[in-house]
């Protein structure tokens, strides 16, 4: 099992998040934020003998979604796991609770607000119930359904704002994926999620994606929530610095951080951590893929 964290051709430009999860038999794509990254996915598939993949979409912002549409257009995607909000119209209405909205008006509001996901009709599979296993090593672990319902109700209620726990609602409720590497170490990928959405589980993982391109507030909260920050490896994807909502490199001093801004494309596999008590510095980490994908 290995996870390739893709970087675009110019590390100072935003291309979005894209993770290739390869278990040796099947391929899974977690987000794909641009055509440039989608083209790298197609190159990887060609080189490694894959004709199609399954996708997991954390949320519908362009820097996570746009390349996925390109991959579907090229016939490369079989299925897309994400939150299928239309299944939960009644529960969202109950959470809004003031009787101002009808079922039809809320349905139309969802279709308008999440119009790009509507384009994926025919490919979609809902992530709930949680802990749904895609394979024995890949499972969907968040967001908690109650958190998702309350957050979406908050956004779609016109009397309230569209932010919750310091993030937009679509960011805060990003789909979270657990990946178990071949040596048993566990990886958490979490898109642009809020800290609130993962705070109870973050210390359970050995390798953690810092949400929202390493956004400073989330990164600091996660560093403070884990029992021993030196025993963790952190992933930062599509980090071009604070202007993109990410972090300055100085925010990571003293932490083991694999960052596309400094490394380019890199790989996470069982060699990254020998065990939960120590990491293996690997100077060549990602180099072969950096060269391959330029």
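The values are calculated or read from the model by the stated rules, or taken from the named source; none is laboratory data. Quantities reported herein were computed from a predicted structural model and do not represent experimental measurements. In this analysis, Cβ positions are derived from the backbone assuming ideal geometry, glycine residues included, and neighbour counts consider all displayed protein chains.
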- Return yes when residue 116 is part of a loop (DSSP other than H, G, I, E, B), surrounded by fewer than 16 Cβ atoms within 10 Å (Cβ to Cβ) and touching a residue at least 40 places away in the same chain (Cβ under 8 Å) and no when it is not. no
query: residue 57: farther than 18 Å from residue 162 by Cβ, crowded, with 22+ Cβ neighbours inside 10 Å, touching a helix residue (DSSP H, G or I) at 6+ places or on another chain (Cβ under 8 Å) and modelled with pLDDT of 95 or more, yes or no?
result: yes
Over the range 208-230, the set of residues out of contact with any helix residue (DSSP H, G or I) (no Cβ under 7 Å at 6 or more places or on another chain) and crowded, with 24+ Cβ neighbours inside 10 Å is 209, 214, 215
| query | Looking at the range 131-148, is at least one residue in contact (Cβ under 8 Å) with a residue 60 or more places away in the chain, more than 26 Å from residue 225 (Cα to Cα) and under 20 Å from the mean Cα position of the chain (by Cα)? | reply | yes
The condition of being within 13 Å of the chain's Cα centre (by Cα) and either crowded, with 24+ Cβ neighbours inside 10 Å or in contact (Cβ under 8 Å) with a residue 60 or more places away in the chain (or both) holds, among 16, 67, only for 16
Here the residues within the range 93-105 that are part of a helix (DSSP H, G or I) and either surrounded by 11 or more Cβ atoms within 10 Å (Cβ to Cβ) or touching a helix residue (DSSP H, G or I) at 6+ places or on another chain (Cβ under 6 Å) (or both) are 93, 94, 95, 96, 103, 105
- Query: For residue 125, are the conditions met, namely being assigned to a strand (DSSP E or B) and more than 22 Å from residue 197 (Cα to Cα)?
  - Reply: no
Taking the range 70-85 and keeping only residues that are part of a helix (DSSP H, G or I) and surrounded by fewer than 17 Cβ atoms within 10 Å (Cβ to Cβ), one is left with 73
(1) surrounded by fewer than 16 Cβ atoms within 10 Å (Cβ to Cβ); (2) touching a helix residue (DSSP H, G or I) at 6+ places or on another chain (Cβ under 6 Å) all hold for residue 108 apart from (2)
Residues of the range 195-254 being in contact with a strand residue (DSSP E or B) (Cβ under 6 Å, 6 or more places away or on another chain) and under 18 Å from residue 12 (Cα atoms), in sequence order, are 214, 235, 236, 237, 239
Restricted to the range 129-138 and to residues being surrounded by fewer than 16 Cβ atoms within 10 Å (Cβ to Cβ) and closer than 24 Å to residue 71 by Cβ, the residue modelled with the highest pLDDT is 135
Out of (1) modelled with pLDDT of 50 or more; (2) closer than 17 Å to residue 19 by Cα; (3) over 20 Å from the mean Cα position of the chain (by Cα), the one residue 253 does not meet is (2)
Conditions (1) in a helix (DSSP H, G or I); (2) within 20 Å of the chain's Cα centre (by Cα) -> residue 88 fails only (2)
Does residue 64 fit the bill of being in contact with a strand residue (DSSP E or B) (Cβ under 6 Å, 6 or more places away or on another chain), closer than 18 Å to residue 169 by Cα and not in a strand (DSSP E or B)? yes
Could you tell me whether residue 204 is free of Cβ contacts under 8 Å to residues at least 40 places away in the same chain and surrounded by fewer than 18 Cβ atoms within 10 Å (Cβ to Cβ)?
yes
Check your understanding: Do we have any residue at all in the range 29-36 that's in contact with a helix residue (DSSP H, G or I) (Cβ under 8 Å, 6 or more places away or on another chain), surrounded by 19 or more Cβ atoms within 10 Å (Cβ to Cβ) and farther than 24 Å from residue 260 by Cβ?
Key -> no
